[in-house]
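The values are calculated or read from the model by the stated rules, or taken from the named source; none is laboratory data. The structure displayed is predicted, hence computed values, not measured ones. Backbone-built Cβ (ideal geometry, glycine too); neighbour counts: all protein chains shown. Keep in mind that these areas ignore ligands, DNA and RNA; they rest on the heavy atoms of the full protein, side chains included. Shrake-Rupley method; radii C 1.70, N 1.55, O 1.52, S 1.80 Å.
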Amino acid sequence: MPVISKVETSKTSNSITATVTATKGTNNISKYYYSIDNGSTFIETTSNSYTFSNLSNNTNYRIVVKVMDTNGKYSNTYVSVSYTHLTLPTIRL
């Protein structure tokens, strides 16, 4: 079974990119699953990186990631709490 060792995030005021480091088990990794709503819904992709966009400014998000191998076996579920950056307003004089 595949194993996720880490998930790194980078963020802006309205997006979070999650990048997964995972190792295969007996079979190759075939799909990556990303969730921004604590695992209620997942986005399926073949990439080890995914960007969630159009997010609210200065908000915490609970990102959940899992991977699946070519035999249909899932990895451990990895949970990461990330937040978007606070954008300060521009004051013009």
Cβ charges +1 (Lys, Arg) and -1 (Asp, Glu), total dipole of the chain, debye = 100 debye
Sorted by accessible area with a 1.4 angstrom probe, largest first, how do 6, 11, 24 fall?
-> 24, 6, 11
Under a 1.4 Å probe, what is the accessible area of the chain per residue, stated in Å²?
-> 62 Å²
Relative contact order of the chain: what whole-number percent is it, with Cα pairs under 8 angstrom and at least 6 residues apart?
-> 34 percent
Please work out how much accessible surface residue 23 shows to a 1.4 Å probe, ignoring ligands, DNA and RNA, in Å² rounded to 10.
-> 80 Å²
Grab every C-alpha pair in the chain, bin the distances at 5 angstrom width from 0 up to the longest one, and report whole percents.
-> 3, 15, 24, 22, 14, 9, 6, 4, 2, 1, 1, 0, 0
Any chance you could look up the accessible area of residue 81 with a 1.4 Å probe, heavy atoms only, rounded to 10 Å²?
-> 100 Å²
In the range 34-93 the accessible area split gives carbon plus sulfur, as whole percent at 1.4 Å, a share of 47 percent
